[in-house]
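The values are calculated or read from the model by the stated rules, or taken from the named source; none is laboratory data. From a predicted model like this one, the values you see are computed outputs, not experimental measurements. Here the Cβ is made from the backbone with ideal geometry for all residues, glycine too, and neighbour counts use every protein chain on show. With ligands, DNA and RNA removed, areas are computed over all heavy atoms of the protein, side chains included. Shrake-Rupley method; radii C 1.70, N 1.55, O 1.52, S 1.80 Å.
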Amino acid sequence: QNAEVPEGYCRSTWCLVWAPTWRLWGEEKCEGAIYTVYLKKVRYHHPSRSITQESDDDEISHLEWETVRVRFLKAGTLEKLIESLASDSGELESTFVNVFLATYRTFSSTRQVLNLILDRYLALTSSSNKINVPSHLREDHKKALRLTLQVWLDAYPEDFRDPPSFACLQQLWEFTKTYLPDTDLNIKVGYKLEKMRREEDLKSSPMLERILSCEEMRIHCSSPMSNGNHQPYEFLDIPESTFAQQLTRMDTVLFKGVIAHQCLGSVWSRRDRGRGDTAATVTATVDQFNAVSFRVQSTILVDTELKPSQRARLIVKWIDIAQELRMHKNFSSLKAIISGLQSNPIYRLKKTWGAVIKDKAELYEELARIFSEENNQLNQRELLMKEGTAKHAQTAHANDRHLPKALEKLAINPLATSYGTIPYLGTFLTDLTMIDTAIPDTVANGLINFDKKRKEFEVLAQIRLLQGAANAYQMERDEMFERWWDSVLVLDDKEAWRLSCQIEPQGSSAPSSTREGRIRKRAQFGHRKNDSIASTSSGSSSSQFFFDNDSLNTPTSHNDTCSLERKMSTSSSSSSLPSLDVSVHSGGTSASGRTPERTSSSQQQHVQQTTASPYITPDFYIIRVSIESSAHEIEGVNLYKSIMLSNSERTVSVIRKAMEKHGFEGNPEDYTLAQFLPDGEMLLPASANVYYAINTQYDLNFVLRRRRHGDENTIIRRNPTKDHKVRKKLLVT
């Protein structure tokens, strides 16, 4: 980029061609910034002289090479980041601008960034020597800043939507009116400001409220989904294709509305400070995910008088809907249905699963395999790579028997509709949470770690690419379906479990045949225990992202036998309710998820070896630490903080990290660290190497509490405190 063009040749005829030859040279430090420097071999081509051109030399085309230095900003102050929006020559650094605008909210604010850009523009305008930019390049630098502001307005208009005053947009409009009158930027800012004001006025209009109220009444009264008695149709009457289309329509609206930067780990984890609207679009997607899973439970459990064969028809119906969703490439609702069928209250229904026909059980196995946690969710990631922007679903697992037939039928159908892709958002949230946990926000001297932002941007770019592909979905709203959807009774955790125990009391019957046992194993194939930060409760808490940990607490139950079964059963998600999994897996857990039957130790060992978490390396684990203190709970929610644990850290060091993460001061030696285990908790000695002391066969959930008398002589504490006998919502950050 900095190669000089020889005299007599324009840049276009000089034709620089960059060869893929890079070599790391090292780091370059200057005041307020650290650069990573690469040496890159550049080849350039001399065009041959014209045959009519006189020359004493024999001029021929030839290839010459040179090595240039290329700098990438690794870390810097906010001011240095603003300077780096343009290259040294004043050209817009488009890649840097995209990364910066997508991630700046994790270390700054809209107002602060806007002020710095405007201040730099004014400094470039003045004749001051405070800015180290040659005078002949200042106009180019100013142009780069103007282009940055235009990109910002177009790509992230929500950053400026702060009614009623729209202070940042108003500030920008006054600036452009003064210094850039009648320019494209000035016109764009004025248009955006006027549009946002009109939209805000419309929202608060009483007339709009009356119109919406009348429209809702019209839909309610005229909906063809009701018969003469205004009773909704039965679940089994809705065609699978209609069901899948309407779920996809709802998911499309929500996914396209996701503001990508709200998925960032540092934004997503602000639960302890009250997230508010900082992740509202992600919350809406999670709520829809849970709404699907809740309805899976409700439709199967609400009628307790059904025979096992009748209830099995309901499960088969959901499996068929899931297959249709696979054809639509809607992995979000597909995952929600799988999670609902693998939840505690549904999974334990032995007689019902025994009545599911073999082909449908095998189809369920194939659909569940898509979301297997093996190899960092490799199956799901490969599907997104192959089908993300493809027109149709086209990929099946090598061991699948039923899905390939459906995909082949779709491929030869000339009337098949082109679809986009709705991903399971939890995959991206997991990746971003991992990046945020494992990589520090700052480096030496408090400089912003911009390399981390580049890694985060790679994930955000995938989300935005799929959002663009989702525009291919064109589906009409079906009022019949929406009427049924709204009429479904949603069960809470306790009620779902009570109905499940009422339908099939624990110990009432054993599997009737070997075939039933095989189907039970197939039904839970390919899914393993995950810690979730999704909402698994209804009502007022539905906007929060929680997970329940059954291994940590004795679950609330209505009789001892049901409680015992629930305690012994491990879930496909940590909650007995479906959830959107967004966690960093830290322990080797069974890929088969729930296993109601006892398995041999050799079988268990084999399963654990084949499903070791991809995030675990010989160098570190990710553990989650909560604090046993009412002062650190928010409305009954116990906050977890994720901490990276290296293989050389002692207990005191980990306690110090946990205290810093939770934001309180004190002497680490006044506290103890204990790991939750199914039958109690393990207290770690002060001098222990935590990496080797912890039990990785269970979830890596820990509690930090003030040291009590006798703790120094305790290793395993049975029957933990009363607080852990009550079911809690646990929140991971």
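Counting only helices (runs of 4 or more DSSP H) wholly contained in the stretch 233-345, the ones carrying 2 or more residues that are open to solvent by 10 Å² or more (accessible area, probe 1.4 Å) and closer than 20 Å to ALA393 by Cβ occupy 240-256, 308-327.
Just one of the listed residues (VAL267, VAL302, VAL292, VAL282) is under 26 Å from the mean Cα position of the chain (by Cα) and either modelled with pLDDT of 95 or more or within 29 Å of ARG498 (Cβ to Cβ) (or both), namely VAL292. In the stretch 369-377, the count of residues that are aromatic (Phe, Trp, Tyr), part of a loop (DSSP other than H, G, I, E, B) and either free of Cβ contacts under 8 Å to residues at least 12 places away in the same chain or under 29 Å from ALA411 (Cα atoms) (or both) is one or more. When the residues of the stretch 436-457 are filtered to those that are modelled with pLDDT under 90 and in a helix (DSSP H, G or I), which remaining residue is most open to solvent (accessible area, probe 1.4 Å)? Result: ASN445. Inspection of the stretch 709-724 identifies at least one residue that is at pLDDT below 60 and in contact with a Phe, Trp or Tyr (Cβ under 9 Å, 6 or more places away or on another chain).
Hey, does the stretch 182-198 have a residue that's over 37 Å from the mean Cα position of the chain (by Cα), surrounded by fewer than 18 Cβ atoms within 10 Å (Cβ to Cβ) and at pLDDT below 95? Can you show your working first?
The first filter runs over the stretch 182-198 and keeps only residues over 37 Å from the mean Cα position of the chain (by Cα), leaving 182-183.
Restricting the remaining residues to those that are surrounded by fewer than 18 Cβ atoms within 10 Å (Cβ to Cβ) gives 182-183.
If we keep only those that are at pLDDT below 95 too, we end up with 182-183.
Scanning the stretch 182-198 turns up at least one residue that is over 37 Å from the mean Cα position of the chain (by Cα), surrounded by fewer than 18 Cβ atoms within 10 Å (Cβ to Cβ) and at pLDDT below 95.
Of all residues in the stretch 472-488, count the ones that are open to solvent by less than 60 Å² (accessible area, probe 1.4 Å), over 25 Å from SER343 (Cα atoms), hydrophobic (A, V, I, L, M, F, W, C) and part of a helix (DSSP H, G or I). Steps first, please.
Filtering the stretch 472-488 down to residues open to solvent by less than 60 Å² (accessible area, probe 1.4 Å) leaves 472-473, 475, 478-479, 481-485, 487-488.
Right, trim to over 25 Å from SER343 (Cα atoms) and you get 472-473, 475, 478-479, 483.
If we keep only those that are hydrophobic (A, V, I, L, M, F, W, C) too, we end up with 472, 475.
Restricting the remaining residues to those that are part of a helix (DSSP H, G or I) gives 472.
The qualifying residues number 1.
Considering only helices (runs of 4 or more DSSP H) fully contained in the stretch 64-160, which possess at least 1 residues that are at pLDDT 95 or above and farther than 21 Å from VAL443 by Cβ? Before you say what the answer is, go through the steps one by one.
Values: elements: 78-83, 94-103, 110-125, 138-155.
So the answer is 94-103, 110-125, 138-155.
Among residues of the stretch 283-303 that are more than 12 Å from GLY340 (Cα to Cα), those with a Cβ under 7 angstrom from a residue that is of a type outside the set (Asp, Glu) and part of a loop (DSSP other than H, G, I, E, B), sequence gap 6+ or separate chain, pair up as THR285/VAL258; VAL286/ALA534; VAL286/SER535; VAL286/PHE545; VAL286/LEU580; ASP287/SER535; VAL302/LEU489. Of the residues making up the stretch 631-661, those that are at pLDDT 85 or above and among the β-branched types (Val, Ile, Thr) are THR651, VAL652, VAL654, ILE655.
Can you confirm whether the stretch 144-155 contains a residue that is exposed (fewer than 13 other Cβ atoms within 10 Å of the Cβ) and more than 21 Å from ASP184 (Cβ to Cβ)? Quick ask: steps written out before the conclusion?
Looking only at the stretch 144-155, we keep the residues that are exposed (fewer than 13 other Cβ atoms within 10 Å of the Cβ), and these are 154.
After this cut, where a residue has to be more than 21 Å from ASP184 (Cβ to Cβ) as well, the list is none.
No - not one qualifying residue is present in the stretch 144-155.
Does the stretch 132-152 include one or more residues that are farther than 30 Å from VAL258 by Cβ, aromatic (Phe, Trp, Tyr) and without any contact (Cβ under 8 Å) to a residue 60 or more places away in the chain? Checking the stretch 132-152: not a single residue is farther than 30 Å from VAL258 by Cβ, aromatic (Phe, Trp, Tyr) and without any contact (Cβ under 8 Å) to a residue 60 or more places away in the chain. Do we find that SER89 is exposed (fewer than 15 other Cβ atoms within 10 Å of the Cβ), closer than 26 Å to ARG454 by Cα and touching a residue at least 60 places away in the same chain (Cβ under 8 Å) in this structure? Against the criterion (exposed (fewer than 15 other Cβ atoms within 10 Å of the Cβ), closer than 26 Å to ARG454 by Cα and touching a residue at least 60 places away in the same chain (Cβ under 8 Å)), SER89 qualifies.
Quickly run through the stretch 662-703 and pick out the residues that are part of a helix (DSSP H, G or I), at pLDDT 80 or above and touching a Lys or Arg at 6+ places or on another chain (Cβ under 9 Å).
Hits for the stretch 662-703 are PRO668, GLU669, ASP670, VAL690.
Each residue in the stretch 383-410 was checked for being of a type outside the set (Lys, Arg), over 27 Å from ILE315 (Cα atoms) and open to solvent by 80 Å² or more (accessible area, probe 1.4 Å), and 2 of them qualify. Comparison of LEU432, LEU460, LEU491 shows that the only residue that is buried (at least 17 other Cβ atoms within 10 Å of the Cβ), part of a loop (DSSP other than H, G, I, E, B), in contact with a helix residue (DSSP H, G or I) (Cβ under 6 Å, 6 or more places away or on another chain) and of a type outside the set (Val, Ile, Thr) is LEU491. SER94 is checked against (1) within 23 Å of GLU27 (Cα to Cα); (2) surrounded by 20 or more Cβ atoms within 10 Å (Cβ to Cβ); (3) among the polar types (S, T, N, Q) and fails just one. What number does that condition carry? (2) is the only condition that SER94 fails.
For the stretch 638-692, residues that are surrounded by fewer than 16 Cβ atoms within 10 Å (Cβ to Cβ) and hydrophobic (A, V, I, L, M, F, W, C) total 1.
Scanning the stretch 170-181 for residues that are open to solvent by 70 Å² or more (accessible area, probe 1.4 Å) and touching a residue at least 40 places away in the same chain (Cβ under 8 Å) yields one hit, TYR179.
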